[in-house]
Amino acid sequence: MNILLFGPPGAGKGTQSALMVERLSMKQLSTGDLFRNAIKAQTKLGLDAKQYMDKGVLVPDAVVIAMVEEELHKLGKQSFVLDGFPRTVLQAEALEKLMDKLKFKLPLAVFLEVPYATLVDRLSGRRVCKNCGETFHVTSKPSRKNGVCDKCGGDLVQRVDDSADVVKTRLETYEKSTKPLKAYYEKIGKLMIVDGIGEANEVSARIEEVMRKKNLDLEFRG
Ligand code: AP5
Ligand code: ZN
């Protein structure tokens with residue numbers, strides 16, 4: 001089964017996608033990571049996207065949709081988790097068309113629900129490895145050695161868009177552009193709301209439970 005994870009910045013989309021890759025051997029497709037990789041590689045796509053990301057606003061729909069289409073073609077038949085896409089109703093409509101074209105079923109839309117104060121705490125305490133991109137948190141997931149990645153020994157840094165003023169803009173952007181997706185997926189019977197509070201492993205178990213239920217439901221109805 002394919003899923004898409006959506007929710008406000010800091011809801012745990014990246015953390016949960018990584019756990020699904022580990023536990024369910026799914027392929028993660030994160031638009032945020034794709035842009036960050038492009039920035040690192042200093043491609044035109046990266047340089048263009050950076051202007052928007054550093055301000056906390058969305059990269060234009062057409063750019064994101066073209067990038068996702070290219071990535072989906074590479075996937076083959078492997079189950080996937082979309083992390084951070086779609087993020088606007090226009091992107092959601094484009095995803096439906098893409099899924100049709102590729103003869104995939106529309107993914108289950110899993111919304112991670114986390115209160116505002118927790119989001120701000122998670123984003124301000126996040127640290128990422130400059131080298132491999134692994135994510136930590138100063139209190140909920142500290143690295144063994146301060147400022148050093150457990151996985152590769154690289155330096156841990158704060159993301160440019162995790163500064164207080166950019167976080168505020170990202171949360172506003174979410175309210176305006178991404179939150180309407182809840183109603184969109186509810187209307188087409190694809191929405192599942194999962195409580196994003198608690199240990200990352202507990203949240204992951206909740207996601208797996210809704211996927212299992214949905215699968216059973218599909219089997220039952222044929
Ligand atoms: P993106 O990288 O997708 O950022 P985001 O959506 O703002 O999400 P985050 O990565 O900040 O948070 P997350 O939900 O993945 O949380 P995480 O697991 O890291 O996008 C960045 C930018 O790219 C956008 O602003 C936009 O400009 C552009 N972009 C990307 N996609 C786009 C699109 N489709 N359209 C247009 N533009 C696009 O967790 C956060 C912290 O909390 C971590 O430190 C983690 O350790 C901690 N944490 C996670 N889970 C828990 C838990 N259960 N308990 C305690 N701590 C936890
Ligand atoms: Zn690392």
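The values are calculated or read from the model by the stated rules, or taken from the named source; none is laboratory data. Keep in mind it's a predicted model, so treat the numbers as computed, not measured. Cβ atoms come from the backbone with ideal geometry, glycine included; neighbour counts cover every protein chain shown. SASA here: full protein model, heavy atoms, side chains in, ligands and nucleic acids out. Shrake-Rupley method; radii C 1.70, N 1.55, O 1.52, S 1.80 Å.
Results, tabulated for the structure shown:
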{"read-out": "Computed [θ] at 222 nm, helices only, for the chain once each DSSP H run of length n ≥ 4 contributes -39500 (n - 2.57)", "value": "-15500 deg cm²/dmol"}
{"read-out": "Antiparallel DSSP beta bridges within the chain, percent to nearest 5", "value": "30"}
{"read-out": "Rounded accessible area of S140 (nearest 10 Å², 1.4 Å probe)", "value": "100"}
{"read-out": "Within-14-Å neighbourhood charge of F104 [Cβ basis; K, R +1; D, E -1]", "value": "+4"}
{"read-out": "Cross-link reach list, aspartates and glutamates versus K187, counting only Cα pairs under 15 Å and skipping chain neighbours closer than eight places", "value": "E93, E96"}
{"read-out": "Degrees separating the helix 116-125 axis from the principal Cα axis of the chain, which is the longest one", "value": "50"}
{"read-out": "Length added when fully stretched, Y52-E22, from 0.36 nm per residue minus Cα-Cα", "value": "7.7 nm"}
{"read-out": "Accessible surface of the chain, 1.4 Å probe, proportion on carbon and sulfur as whole %", "value": "53"}
{"read-out": "The chain: relative contact order as a whole-number percent, Cα under 8 Å and 6+ apart", "value": "29"}
{"read-out": "Rg and Dmax of the chain, Cα atoms only, in Å", "value": "17.0, 52"}
{"read-out": "29 Å Cα cut-off, lysine pairs counted over the range 1-100 (separation 8 or more, or different chains)", "value": "26"}
{"read-out": "Contact order relative to length of the range 105-203, as percent, for alpha carbon pairs under 8 angstrom and 6 or more apart", "value": "37"}
{"read-out": "Heavy-atom accessible area per residue - the range 54-175, 1.4 Å, Å²", "value": "54"}
{"read-out": "Under 5 Å, built H, 5+ apart or other chain: amide partners of I193", "value": "F111"}
{"read-out": "Average projection area in nm² (convex hull over Cα atoms of the range 116-158, one quarter of hull surface)", "value": "2.7"}
